[in-house]
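For reference, the structure is listed below as structure tokens.
The values are calculated or read from the model by the stated rules, or taken from the named source; none is laboratory data. Since we're looking at a predicted model, the values are computed, not measured. Here the Cβ positions follow ideal geometry from the backbone for every residue, glycine too, while neighbour counts run over all protein chains shown. To get the accessible areas, we keep the full protein, side chains included, count just its heavy atoms, and leave off ligands, DNA and RNA. Shrake-Rupley method; radii C 1.70, N 1.55, O 1.52, S 1.80 Å.
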Amino acid sequence: MEIERKFLIQEIPFSLTGYKCRTIEQAYLNTAPVVRIRQDNDNYYLTYKSNGFLEREEYNLPLDKTSYEHLRQKADGIILTKKRYEIPLLDKYTIELDIFEGAHAGLILAEVEFATREDAENFTPPDWFSKDVTYQPEYCNSNLSKG
């Protein structure tokens, strides 16, 4: 089960130098339910996600590079590219800060995952987080892939 909140970021008030950064490319084979392929640095996955916003099931299956490249040709819509920075928060959470490139250059989203729904609902975001877009479907990556 994945439990996460998502926030729009207008400005990052500090340098990202020193934080772990991953390069991600992801494409969607289906958006309802979500079936996605992802290259995360040198790792490859096929992911199924159930419908939902705050809480949903997620299953990841490893792929090899050849399988990924084969499935990539079958992508429906825009292939998303982004840099993901991992920023520790309160020794309890990790902010996954996605800085989009390509078709969505300029979009910055922060996601925070939680152990329980209660933790997610009681979370107070840092001041530099802008709008909470957890329940806004236009900020789901699967919808961003539609252009």
Item checked: The one condition in (1) touching a residue at least 24 places away in the same chain (Cβ under 8 Å); (2) part of a strand (DSSP E or B); (3) surrounded by 15 or more Cβ atoms within 10 Å (Cβ to Cβ) that Leu71 fails to fulfil -> (2)
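When the residues of segment 74-91 are narrowed to those that are among the β-branched types (Val, Ile, Thr) and not in a loop (DSSP other than H, G, I, E, B), which ends up least open to solvent (accessible area, probe 1.4 Å)?
From segment 74-91, those among the β-branched types (Val, Ile, Thr) are 78-79, 81, 87; that's our starting set.
Remaining after also requiring not in a loop (DSSP other than H, G, I, E, B): 81, 87.
Details: Thr81: 40, Ile87: 8 Å².
Among residues in segment 74-91 that are among the β-branched types (Val, Ile, Thr) and not in a loop (DSSP other than H, G, I, E, B), the one least open to solvent (accessible area, probe 1.4 Å) is Ile87.
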Margin query: Can you say whether Arg36 is open to solvent by less than 50 Å² (accessible area, probe 1.4 Å) and either farther than 25 Å from Gln136 by Cα or touching an Asp or Glu at 6+ places or on another chain (Cβ under 8 Å) (or both), as far as the supplied structure shows?
Written below: no
Check: Only one of Arg56, Arg72, Arg36 is closer than 20 Å to Thr134 by Cβ, among the charged types (D, E, K, R) and at pLDDT 95 or above; which?
Finding: Arg36
Note to self: Against the conditions (1) assigned to a loop (DSSP other than H, G, I, E, B); (2) among the hydroxyl-bearing types (Ser, Thr, Tyr); (3) open to solvent by 40 Å² or more (accessible area, probe 1.4 Å), where does Thr94 fall short? Just the number, please.
What the structure shows: (1)
Next item on the list: Those residues that are in contact with a Pro (Cβ under 8 Å, 6 or more places away or on another chain) and either over 16 Å from Arg5 (Cα atoms) or surrounded by fewer than 15 Cβ atoms within 10 Å (Cβ to Cβ) (or both), I need them from segment 47-58; list them, please.
Entry: Tyr48, Ser50, Asn51
Notebook entry, point to check: Considering only residues of segment 97-114 that are touching a Lys or Arg at 6+ places or on another chain (Cβ under 9 Å) and exposed (fewer than 15 other Cβ atoms within 10 Å of the Cβ), which is farthest from Val34 (Cα to Cα)?
Noted result: Gly102
